[in-house]
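Working notes for the structure below.
Just so it is clear, none of the values below were taken in a lab; they were calculated from the coordinates. Just so it is clear, the model here is predicted, and its values are computed rather than measured. Every residue, glycine among them, receives a Cβ derived from its backbone with ideal geometry; neighbour counts consider all protein chains shown.
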Amino acid sequence: MHDFKYINNELYCEKVKVADIIKKVGSPAYIYSHKTFVEHIRKLQAAFKSVKPLICYSMKANSNLAILKAVVNEGAGLDIVSGGELYRAKKVKCPAERIVFAGVGKTEREIEDAIRYGILFFNVESLPELELIQKVARRLKCKASVSIRVNPNVDPRTHRYIATGKKESKFGIDLGLAEGVFSNTARYPNIELCAIHCHIGSQIVSGEPFVEAFKKVAAFIDEIEKKYKVKIKYLNLGGGLGVIYSNEKPQTAAQYARNILPIFKGKKYRLVFEPGRFVSANGGILVGQVIYVKRTQVKNFAIVDAAMNDLLRPSLYDAHHEVWPLKRSSRTEKEIYDVVGPVCESGDVLARERLLQKLHDGEYVAMMSAGAYGYVMASNYNSRGRAPEVLVKGSKFEIVKKREDYQTLIAGETIPAFV
């Protein structure tokens, strides 16, 4: 699952004591395990080796350049959703033919930059977007490769904020409209409709929603290929595999493969996957220091120097992250705490009602499973500098993103002369 463990009651990341990292970089800090990231890519590669898929890591989950380089080195491509993410993909020299571009609001400039770089295809989310890609490709006198993202109207049984495959979602095109695109390809002379895309949501722990959605999509492809004489080269199945935050029991990569591969037996299109959370969530932790322990008549609060601006998921989704002390105590005394940050919001709670070893001012705790949607969703709210990011590989570690100081906080701001 991950490579964070206790050795002699001290928390380690791979072969490095986490306390030694914090001694050097301070807190709060994000710490990532290189081994965990690459092993999750390898698990997917092994599970689907019989069909030789293209695995495009979804960088929105964690877009640090060091992480991107690590997964690209494993043969993975990248799933991007913005011009900034394309820029990052270029920086780590990800081959263009291993990049797919998703997102509901691509701008004309982003589309042009991606076409010029030669990405594999766009995941198109709407008819207006398809028209814009046609316009840009015509101006550039080329053909743009496109995957139509279909919305199969399947309930993924996950948090409503991360469910994307239901008919009321802003994502994708319903099957009827999608068929209309293939029935009218002459309208898009500068577009090659080469793929179908389906992504129904995130943190899906059950296999049934995937099977239900993919059966619909496979049948849809059979129909349009026969009816409109089109050739689908790729089927992009998105991501969404659940991970363990607490007591979840998600399917493994091998179980996922066993569940869905029979659906595509005998099909000639290549499968594409866009894992994000599955690769990165358990590869990272956020470490914070207990500033004060505040006791009231109804609650104990462990006030730490990490906050909702560092890790938004608990405030946004009521998400659960396990809390581990950096040093396990031999003391048997335990207490129930709300672990909270110093941000001036009642929602600045990282963990509620947790039974932990008795905490004291100055001790450190780790918010586990923080490698996905952690730093990438961080902000400077309350004028707090974002935490550093550290990558560990074996017995080595290095800062891969510096802590923001006060000067960085105000960089780019000016006071006009008329003030």
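Each residue of region 339-344 in turn: what ³J(HN,Hα) in whole Hz from Karplus with 6.51, -1.76, 1.60 and θ = phi - 60°, glycine and Pro shown as x?
8, 10, x, x, 5, 7
Quick one: how many lysine pairs in region 59-158 have C-alpha atoms under 12 angstrom apart, if they're 8 or more apart or on different chains?
4
Helix-only mean residue ellipticity at 222 nm, the chain, DSSP H runs n ≥ 4 weighted -39,500 (n - 2.57), per residue, nearest 500. What is it?
-8000 deg cm²/dmol
What does DSSP give for the chain in terms of the percent of beta bridges that are antiparallel, rounded to the nearest 5?
Counting only bridges with both partners in the chain, antiparallel ones make up about 50 percent.
Under 20 Å from a label point 7 Å along Cα→Cβ of residue 229: give me every residue in region 122-136 with its amide N that close.
No residue passes the distance filter.
What's the long-distance tail for region 34-278, i.e. % of Cα pairs beyond 24 Å?
Tail of the P(r) past 24 Å holds 43 percent of the pairs.
Could you put 353, 179 in order, starting from the residue whose Cβ has the fewest other Cβ atoms within 10 Å?
Placing the least packed residue first, the sequence is 353, 179.
Taking the Cα atoms of region 366-412, what is the range of coordinates along each of the three principal axes, in descending order and whole Å?
Over region 366-412, Cα extents along the principal axes are 37, 20, 16 Å.
List the residues of region 267-291 whose backbone N lies under 19 Å from a point placed 7 Å from the Cα of residue 382 along the Cα-to-Cβ direction.
Those under the cut-off are 286-291.
Mind jotting down a quarter of the surface of the convex hull over the alpha carbons of region 310-383, in square nanometres, one decimal? Let's see the in-between values first.
Details: hull surface 21.6 nm².
Over all viewing directions, region 310-383 projects a mean Cα-hull area of 5.4 nm².
Using 10 Å bins from zero, what percent of all Cα-Cα pairs in region 195-318 falls into each bin?
Going out from 0 Å in 10 Å bins, region 195-318 shows 10, 32, 23, 16, 11, 6, 2, 0 percent.
Provide the descending list of Cα extents for region 285-419 along its principal axes, expressed in whole angstroms.
61, 44, 27
Pick out, from 45, 25, 282, the residue whose Cα sits farthest towards the positive end of the charge dipole of the chain, with +1 on the Cβ of Lys and Arg and -1 on the Cβ of Asp and Glu.
45
Quick one: Cα centre-to-centre distance for region 85-102 and region 179-219, in angstrom?
For region 85-102 versus region 179-219, the Cα centre distance is 22 Å.
Give the distance, in whole Å, between the Cα centre of region 1-61 and the Cα centre of region 348-419.
Spelled out, the Cα-based centre of one part sits 18 Å from the other.
Quick one: plug the Kirkwood hydrodynamic radius of the chain (C-alpha pairs) into Stokes-Einstein at 20 °C, 1.002 mPa s, and report D in µm²/s. Don't skip to the end; give the middle numbers.
Values: Rh = 22.8 Å.
In µm²/s, the coefficient rounds to 94.
Mind putting a number on the dipole of the chain about its Cα centre? Charges go on the C-beta only, +1 for Lys and Arg and -1 for Asp and Glu, and I need it in Debye to the nearest 20.
Using Cβ point charges on Lys, Arg, Asp and Glu, the chain gives about 1380 debye.
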